[in-house]
Amino acid sequence: MPDNKISAAHVTRQKWIDYARGIAIILVVYRHVFEGIKNSNLPVLDYIYYEHANTLFFSFRMPLFFVVSGMFVTTSLAKRGIKRFIENKARTILYPYFVWGVLQITIQIVLSNWVNSNRTVKDYLFLFYLPRELEQFWYLYALFNVAVLYAFFRVVLKFNALQNVGLGILFYTLCAYIGRESLNFGFITDILHYYLFYAIGDLVGRFIRDKNNLSLLESWKLPALLLIPFIFTQWYFLQRNLMHSAGHYDYVENFEPVRYVLIALTGCAFVIAVSFSLQRLRWIQWLHVLGSLSLYIYVAHVMALAGTRIFMVKVLGITYVPALLFIGIAMGLVLPVLAFRLAERLKMPWIFSLAPDAPVKKK
């Protein structure tokens, strides 16, 4: 077992992770609530700024998850070894992917007259090769596959972090070509796209984890320094997508891939800097809690927000978009947390995740 004599500073340092994940999960829920309202043929275009916000959040929220996860891959591999590392990822990522993926598809089939999705029994097969067709679940499948592939290159082929970044650039370039040619490689495309962000996380992870850098990372000067680049890159991302993309969010990613990486990494850096500041100030503790439960929110939030929207529109007759949006976000965050707490109380946490294995004790 790892040494339990960990400094208080070290424990406190780790809270920034959950602040960052808390911010990211709120942005994820925002998008899915907004898209659900739009797909219900409600007048979202009357509130164009909500659409613009949806576009902006698309620029960095998913890369942020991969960057943060990559920051701890080296320490996790050192503690567990590659075999237990993969087993742990299967327990905590792949298992809930299949359990909640099957559950969501089943509910969508049963309630086909109420939900936006048009599901059939064949959609269960998408879990294996085309997770992008299953709303939010593609991320878990991509994260698991990226982590396993990265561990193979890191441990078996002895690629260091910088070499993995180079490999990630190669993968990302190939993904950009696939996107431009509108080719469909299923879940492979997501691996190629996000491997680079995972590798960058590993590359900078040692600096981030070093407690000697804590005063720099927690300084208010860091988010202040990043604020202007963040605003500029977000403005650029929004304007270019509005000019060129019918979907209003994917032009830069598909046709300006180098600029997209810079925009995404700027967004990630700013959110991480803000998260360190929140850690130092101990502000917005509920955000930290959301981040610590982000996986459980992620797997269940679409069902929660869809149920909320259906109840408000079909039963209560509420079609006011701002009310649907903000209540939907709140319920998309709160209901999964309550469901997880209930599962814990009933001694059924396995509904959300199998217990992670213990790190291997070093001899």
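The values are calculated or read from the model by the stated rules, or taken from the named source; none is laboratory data. Note that the coordinates shown come from a computational prediction; the quantities given were computed from them, not determined experimentally. Note: ideal-geometry Cβ built from the backbone for every residue, glycine included; neighbour counts use all protein chains shown.
Just to be sure, is residue 334 surrounded by fewer than 16 Cβ atoms within 10 Å (Cβ to Cβ), within 18 Å of the chain's Cα centre (by Cα) and over 30 Å from residue 222 (Cα atoms)?
yes
Please list, ordered by residue number, the helices (runs of 4 or more DSSP H) wholly in the range 1-84 having 1 or more residues that are at pLDDT 95 or above.
Details: elements: 8-13, 15-39, 48-57, 61-70.
Filter on the range 1-84 gives 15-39, 61-70.
How many residues, within the range 255-277, are assigned to a helix (DSSP H, G or I) and more than 19 Å from the chain's Cα centre (by Cα)?
The total comes to 5.
Looking only at the range 323-346, decide whether some residue is in a loop (DSSP other than H, G, I, E, B) and either in contact with a Leu (Cβ under 9 Å, 6 or more places away or on another chain) or free of Cβ contacts under 8 Å to residues at least 12 places away in the same chain (or both). First the steps, then the outcome.
Restricting attention to the range 323-346, the residues satisfying the condition of being in a loop (DSSP other than H, G, I, E, B) are 346.
Going one step further and asking which of them are either in contact with a Leu (Cβ under 9 Å, 6 or more places away or on another chain) or free of Cβ contacts under 8 Å to residues at least 12 places away in the same chain (or both), we end up with 346.
Yes, the range 323-346 contains at least one residue that is in a loop (DSSP other than H, G, I, E, B) and either in contact with a Leu (Cβ under 9 Å, 6 or more places away or on another chain) or free of Cβ contacts under 8 Å to residues at least 12 places away in the same chain (or both).
Pull up the range 283-311, narrow it to residues that are surrounded by fewer than 18 Cβ atoms within 10 Å (Cβ to Cβ) and outside any helix (DSSP H, G or I), then point me to the one that is nearest to the chain's Cα centre (by Cα).
284
Only residues that are closer than 13 Å to residue 57 by Cα and modelled with pLDDT of 90 or more: list them for the range 237-249, please.
Selection gives 237, 238, 241.
Here's the yes/no breakdown for (1) in contact with a helix residue (DSSP H, G or I) (Cβ under 9 Å, 6 or more places away or on another chain); (2) over 18 Å from residue 81 (Cα atoms); (3) surrounded by fewer than 21 Cβ atoms within 10 Å (Cβ to Cβ):
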site: 161; (1), (2), (3): yes, no, yes
site: 169; (1), (2), (3): yes, yes, yes
site: 194; (1), (2), (3): yes, yes, no
site: 201; (1), (2), (3): yes, yes, no
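Evaluate the following for residue 319: is it surrounded by fewer than 23 Cβ atoms within 10 Å (Cβ to Cβ) and closer than 24 Å to residue 64 by Cβ?
no
Sort out which residues of the range 125-158 are more than 17 Å from residue 302 (Cα to Cα) and among the hydroxyl-bearing types (Ser, Thr, Tyr), and write them in order of number.
Hits for the range 125-158 are 129, 150.
Test each condition in (1) assigned to a helix (DSSP H, G or I); (2) out of contact with any Pro (no Cβ under 8 Å at 6 or more places or on another chain) for residue 92 and report the one that comes out false.
So the condition that residue 92 fails would be (2).
Restricting to the range 39-53, count the residues that are closer than 14 Å to residue 322 by Cβ and either touching a Ser or Thr at 6+ places or on another chain (Cβ under 6 Å) or not small (Gly, Ala, Ser) (or both). I'd like the intermediate steps shown before the answer.
In the first step, residues of the range 39-53 are kept if they are closer than 14 Å to residue 322 by Cβ; the result is 42-51, 53.
Now drop any that are not either touching a Ser or Thr at 6+ places or on another chain (Cβ under 6 Å) or not small (Gly, Ala, Ser) (or both), which leaves 42-51.
Total meeting the criteria: 10.
Consider residue 225 against the criteria (1) more than 22 Å from residue 53 (Cβ to Cβ); (2) exposed (fewer than 13 other Cβ atoms within 10 Å of the Cβ): it satisfies all of them except one. Which criterion is unmet?
Going through (1) more than 22 Å from residue 53 (Cβ to Cβ); (2) exposed (fewer than 13 other Cβ atoms within 10 Å of the Cβ) one by one, residue 225 breaks only (2).
I need the full set of residues from the range 112-129 which are closer than 22 Å to residue 315 by Cβ and either under 23 Å from the mean Cα position of the chain (by Cα) or touching a residue at least 40 places away in the same chain (Cβ under 8 Å) (or both), in order please.
Result: 114, 115, 116, 117.
Being in a helix (DSSP H, G or I), farther than 19 Å from residue 71 by Cα and out of contact with any Ser or Thr (no Cβ under 8 Å at 6 or more places or on another chain): is that true of residue 280 here?
For residue 280, the condition - in a helix (DSSP H, G or I), farther than 19 Å from residue 71 by Cα and out of contact with any Ser or Thr (no Cβ under 8 Å at 6 or more places or on another chain) - is met.
Name the residues in the range 153-185 that are among the aromatic types (Phe, Trp, Tyr) and either without any contact (Cβ under 8 Å) to a residue 40 or more places away in the chain or under 12 Å from residue 203 (Cβ atoms) (or both), would you?
Those that are among the aromatic types (Phe, Trp, Tyr) and either without any contact (Cβ under 8 Å) to a residue 40 or more places away in the chain or under 12 Å from residue 203 (Cβ atoms) (or both): 153, 159, 171, 177, 185.
Just to be sure before I move on: is residue 355 among the small types (Gly, Ala, Ser) and over 20 Å from the mean Cα position of the chain (by Cα) in the structure I sent?
yes
Go through the range 271-310 and count every residue that is farther than 29 Å from residue 229 by Cβ, without any contact (Cβ under 8 Å) to a residue 60 or more places away in the chain and out of contact with any helix residue (DSSP H, G or I) (no Cβ under 9 Å at 6 or more places or on another chain).
Of the residues in the range 271-310, 0 are farther than 29 Å from residue 229 by Cβ, without any contact (Cβ under 8 Å) to a residue 60 or more places away in the chain and out of contact with any helix residue (DSSP H, G or I) (no Cβ under 9 Å at 6 or more places or on another chain).
Since residue 240 meets every condition but one in (1) among the basic types (Lys, Arg); (2) free of Cβ contacts under 8 Å to residues at least 12 places away in the same chain; (3) surrounded by 16 or more Cβ atoms within 10 Å (Cβ to Cβ), which condition does it not meet?
Result: residue 240 passes all but (2).
Return the residues of the range 33-78 that are more than 17 Å from the chain's Cα centre (by Cα), over 29 Å from residue 108 (Cα atoms) and surrounded by 17 or more Cβ atoms within 10 Å (Cβ to Cβ); say none if nothing qualifies.
74, 76, 77
Among 53, 78, which is free of Cβ contacts under 8 Å to residues at least 60 places away in the same chain, out of contact with any Cys (no Cβ under 8 Å at 6 or more places or on another chain) and under 18 Å from residue 201 (Cβ atoms)?
The match here is 78.
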